[in-house]
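A short worksheet on the structure shown next.
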Amino acid sequence: MAGYAHPEYLVETGWLADHLGDPGLRLFDCSVDIAYTPGQGSTIRNGRDAYLAGHIPGAAFIDMLDEFADTAAPTRFMLPARDQFVRQAGAYGIGDGLRVVLYNRGPTWWSTRMWWNLKAHGFDNAAVLNGGLDAWIAEGRAVETGERRYPAQGFTSRWRPGLIVGKDAVLDAIADPAAVLINGLSRELHSGEQVNYGRPGHIKRSVNVPARELLDDSLRFRPADELRAAFAPVKAMEAKRVVTYCGGGISATTDLFALALLGHPGVQLYDASLVEWGRDDSLPMETGA
């Protein structure tokens with residue numbers, strides 16, 4: 001973790017193995033299963049069944065699709081209302097004085113999304129397991145079956161305005177030469193070669209840093225110098241303000257998490273992302289690299 005401005009945002013598998021019995025640790029599996037079939041769209045469900053079949057010992061499951069999302073919103077995955085988030089976080093056992101570690105199966109963006117949700121509510125004692133469940137299993141570490149739960153806590157929200165934003169803030173960023181808009185989706189989706197979100201291409205003036213390219217083959221975050229090199233062509237670290245987006249505000253959190261690791265103080269998430277923007281013809285989009 002040398003070179004990260006905030007190495008405390010990540011924990012390694014060895015550290016977690018040594019601290020599984022800590023009474024102040026709250027470990028959560030944030031996995032979501034998404035299967036995409038060309039021409040038929042995506043099938044999305046929470047990862048509870050896979051969690052029950054095998055998870056890191058002591059981990060509880062977080063339902064990112066229903067309990068930590070606004071199910072009444074016209075776009076999926078949106079941050080829920082403040083009172084709902086407070087109620088759910090407390091029921092899951094998250095509270096002051098506790099250390100939260102988050103992981104998921106596959107690329108890390110479901111755990112980075114939950115990390116950013118907590119950050120937006122002023123909870124700073126959370127970290128992401130580097131490499132997630134895939135790295136844990138690849139090292140031959142033990143898993144357990146069944147379900148774990150933590151005692152309920154009183155969760156206090158210390159809301160930080162501006163960490164999660166809507167389309168008006170994105171329109172402002174388009175007009176602001178000091179801001180950088182980053183699309184965390186694949187290069188094919190960014191260019192418009194592939195279309196998943198209503199219209200081809202990307203938000204006007206946005207640049208592409210695919211979230212998956214910030215992770216190595218083991219799904220761990222790349223070293224600090226490689227992350228800086230990934231963001232250097234788009235001058236993200238020099239920008240006063242960075243807004244990240246993707247399809248539904250999930251993989252974009254891997255970009256903002258990487259920028260936060262490097263110490264960028266002005267990162268924002270466009271929550272509804274292209275699920276909203278791509279279907280509104282009044283909002284400007286472009287194609288090409």
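The values are calculated or read from the model by the stated rules, or taken from the named source; none is laboratory data. It should be emphasised that the depicted structure is a prediction, and the values quoted were computed from it without experimental measurement. Here Cβ is always computed from backbone atoms with ideal geometry, including for glycine, and neighbour counts include all displayed protein chains.
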Inset, instruction - Among the numbered conditions (1) touching a helix residue (DSSP H, G or I) at 6+ places or on another chain (Cβ under 6 Å); (2) modelled with pLDDT of 95 or more; (3) in a loop (DSSP other than H, G, I, E, B); (4) surrounded by 15 or more Cβ atoms within 10 Å (Cβ to Cβ), tell me where S218 comes up short. - result: (4)
Legend entry - Single residue of S282, S251, S218 found to be within 22 Å of W116 (Cβ to Cβ) and polar (S, T, N, Q): S251
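Okay, residues lined up against (1) aliphatic (A, V, I, L, M); (2) modelled with pLDDT of 95 or more:
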site: T43; (1), (2): no, no
site: N46; (1), (2): no, no
site: L52; (1), (2): yes, yes
site: G58; (1), (2): no, yes
site: F61; (1), (2): no, yes
site: D70; (1), (2): no, no
site: A73; (1), (2): yes, no
site: L79; (1), (2): yes, no
Inset, instruction - State which residue is nearest to R45 (Cα to Cα) when the search covers only the stretch 57-72 and only residues that are touching a residue at least 12 places away in the same chain (Cβ under 8 Å) and of a type in the set (A, V, I, L, M). - result: L65
Legend entry - Any pair with Cβ under 7 angstrom, 6 or more apart, that starts in the stretch 1-28 at a residue that is outside the structural domain of L214 (by TED's automatic domain parsing) and ends at one that is acidic (D, E) and in a loop (DSSP other than H, G, I, E, B): T13/E139
Inset, instruction - Quick one: count up the residues across the stretch 118-137 that are surrounded by fewer than 24 Cβ atoms within 10 Å (Cβ to Cβ), touching a Phe, Trp or Tyr at 6+ places or on another chain (Cβ under 8 Å) and not in a loop (DSSP other than H, G, I, E, B). - result: 4
Legend entry - Among residues of the stretch 193-251, those that are touching a strand residue (DSSP E or B) at 6+ places or on another chain (Cβ under 8 Å) and on the phi > 0 side of the Ramachandran plot, counted: 4
Inset, instruction - Return the pairs, sorted by first residue and then second, in which the second residue is modelled with pLDDT under 95 and surrounded by fewer than 18 Cβ atoms within 10 Å (Cβ to Cβ), the first residue lies in the stretch 187-205 and is among the polar types (S, T, N, Q), the beta carbons are less than 6 Å apart, and the residues are 6+ apart or on different chains. - result: S191/G288; S191/A289
